[in-house]
Amino acid sequence: MIQLKNFSWDMIYGVTLAIAAAILGVGDLLGGNADNSQIALINEKSSAYQWYQSKSIKETLVESQRDLVKQILDAGLINMDKVDSIDKQLDVLSEKATRYGKEKKEILIGSAAVGKENWIQDVKGKLGEVVGAEEYTSLIAAAGATADQFDMSGLLLQLCLVMGAIGLLVSEEKLKQYIYFALLALFGVGSVFFVKGILLLNSF
């Protein structure tokens with residue numbers, strides 16, 4: 001009878017630990033993917049800010065050209081027959097400066113934030129596809145939070161496996177029960193963190 005009970009407990013431990021190990025394996029994989037996504041998003045954010053700075057430099061150059069031409073025109077250093085041509089050039093420079101300003105805004109806060117009517121910067125020939133540099137901050141935080149959930153789940157499930165190994169070595173049934181309840185608590189909390197991580201996967 002004692003042998004039968006021991007065998008039953010071994011079966012219970014074995015099934016629980018197998019499930020915990022399976023969840024731990026999936027959690028490690030998903031947590032690793034979240035970590036990789038966070039790194040990729042950090043790189044994307046850096047690239048977005050470099051893109052923004054590039055547009056800022058171009059905008060500054062165009063505005064400087066426009067202001068210089070205006071000063072020359074206002075000083076009367078341009079022949080009257082060239083004024084119309086210069087005015088057209090000023091309009092072109094002003095339009096470029098305005099365009100660079102709009103592009104900068106879209107690159108900074110994203111296409112979704114500026115609205116369809118203000119889409120001006122394309123990505124691979126498509127409008128409305130720009131993820132703003134500032135948007136990456138929240139995406140990076142979401143990826144980090146997801147990875148943290150899986151990390152905590154992994155820690156608790158590893159402790160669960162350790163408790164299971166100890167429980168399998170114990171022969172006294174009462175102690176085996178207590179250890180199993182502790183194991184079950186770790187398994188339950190670890191599973192909660194795992195589910196929370198799953199629910200956060202679509203947040204970045």
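Looking only at region 24-33, count every residue that is surrounded by 19 or more Cβ atoms within 10 Å (Cβ to Cβ) and either farther than 30 Å from GLU134 by Cβ or modelled with pLDDT under 95 (or both) and tell me the total.
Selection size over region 24-33: 2.
Could you grab me the full set of residues in region 171-204 that are over 37 Å from the mean Cα position of the chain (by Cα), outside any helix (DSSP H, G or I) and surrounded by 16 or more Cβ atoms within 10 Å (Cβ to Cβ)? Give the derivation first.
From region 171-204, those over 37 Å from the mean Cα position of the chain (by Cα) are 171-181; that's our starting set.
Next, from what is left, pick out any that are outside any helix (DSSP H, G or I): 171-172.
Selection gives nothing.
Suppose the filter is under 30 Å from GLN177 (Cα atoms), surrounded by 12 or more Cβ atoms within 10 Å (Cβ to Cβ), at pLDDT below 95 and of a type in the set (A, V, I, L, M, F, W, C); does ILE12 pass it? So that I can check it myself, show each step before the final result.
Details: under 30 Å from GLN177 (Cα atoms): yes; surrounded by 12 or more Cβ atoms within 10 Å (Cβ to Cβ): yes; at pLDDT below 95: yes; of a type in the set (A, V, I, L, M, F, W, C): yes.
Taking the combined requirement at face value, the residue satisfies it.
Among (1) outside any loop (DSSP other than H, G, I, E, B); (2) surrounded by fewer than 17 Cβ atoms within 10 Å (Cβ to Cβ); (3) not aliphatic (A, V, I, L, M), where does TYR136 come up short?
Condition (2) is where TYR136 drops out.
Please go through (1) part of a helix (DSSP H, G or I); (2) acidic (Asp, Glu); (3) touching a strand residue (DSSP E or B) at 6+ places or on another chain (Cβ under 7 Å) for GLU103 and return the number of the only condition it doesn't satisfy.
Just one mismatch for GLU103, condition (3).
Can you confirm whether GLU106 is among the acidic types (Asp, Glu) and buried (at least 16 other Cβ atoms within 10 Å of the Cβ)? Quick ask: steps written out before the conclusion?
Values: among the acidic types (Asp, Glu): yes; buried (at least 16 other Cβ atoms within 10 Å of the Cβ): yes.
In short, yes.
Return the pairs, sorted by first residue and then second, in which the second residue is aliphatic (A, V, I, L, M), the first residue lies in region 54-71 and is over 20 Å from SER85 (Cα atoms), the beta carbons are less than 7 Å apart, and the residues are 6+ apart or on different chains.
Partner pairs satisfying both residue conditions: LYS55/ILE107; GLU59/ALA97.
Determine, yes or no, whether SER85 is touching a Phe, Trp or Tyr at 6+ places or on another chain (Cβ under 8 Å) and either within 29 Å of LEU139 (Cβ to Cβ) or at pLDDT below 90 (or both). I'd like the intermediate steps shown before the answer.
Details: touching a Phe, Trp or Tyr at 6+ places or on another chain (Cβ under 8 Å): no; either within 29 Å of LEU139 (Cβ to Cβ) or at pLDDT below 90 (or both): yes.
Here the answer is no, as SER85 does not meet what is asked.
Is it true that ILE23 is more than 22 Å from ASP151 (Cβ to Cβ) and either touching a helix residue (DSSP H, G or I) at 6+ places or on another chain (Cβ under 9 Å) or not in a helix (DSSP H, G or I) (or both)? Working first, answer last.
Numbers: more than 22 Å from ASP151 (Cβ to Cβ): no; either touching a helix residue (DSSP H, G or I) at 6+ places or on another chain (Cβ under 9 Å) or not in a helix (DSSP H, G or I) (or both): yes.
No; evaluated as a whole, the condition is false for this residue.
Return the only residue of LYS55, LYS96, LYS105, LYS45 being under 23 Å from GLY128 (Cβ atoms) and either touching an Asp or Glu at 6+ places or on another chain (Cβ under 6 Å) or hydroxyl-bearing (Ser, Thr, Tyr) (or both). Steps first, please.
Values: LYS96 fails: either touching an Asp or Glu at 6+ places or on another chain (Cβ under 6 Å) or hydroxyl-bearing (Ser, Thr, Tyr) (or both); LYS105 fails: either touching an Asp or Glu at 6+ places or on another chain (Cβ under 6 Å) or hydroxyl-bearing (Ser, Thr, Tyr) (or both); LYS45 fails: either touching an Asp or Glu at 6+ places or on another chain (Cβ under 6 Å) or hydroxyl-bearing (Ser, Thr, Tyr) (or both).
When all the criteria are applied, what remains is LYS55.
Please state which one of GLU63, GLU44 is within 16 Å of THR98 (Cα to Cα), out of contact with any Cys (no Cβ under 8 Å at 6 or more places or on another chain) and either part of a helix (DSSP H, G or I) or not polar (S, T, N, Q) (or both).
Numbers: GLU44 fails: within 16 Å of THR98 (Cα to Cα).
When all the criteria are applied, what remains is GLU63.
The values are calculated or read from the model by the stated rules, or taken from the named source; none is laboratory data. Note that the structure is predicted; figures quoted are calculated from it, not measured. Cβ atoms come from the backbone with ideal geometry, glycine included; neighbour counts cover every protein chain shown.
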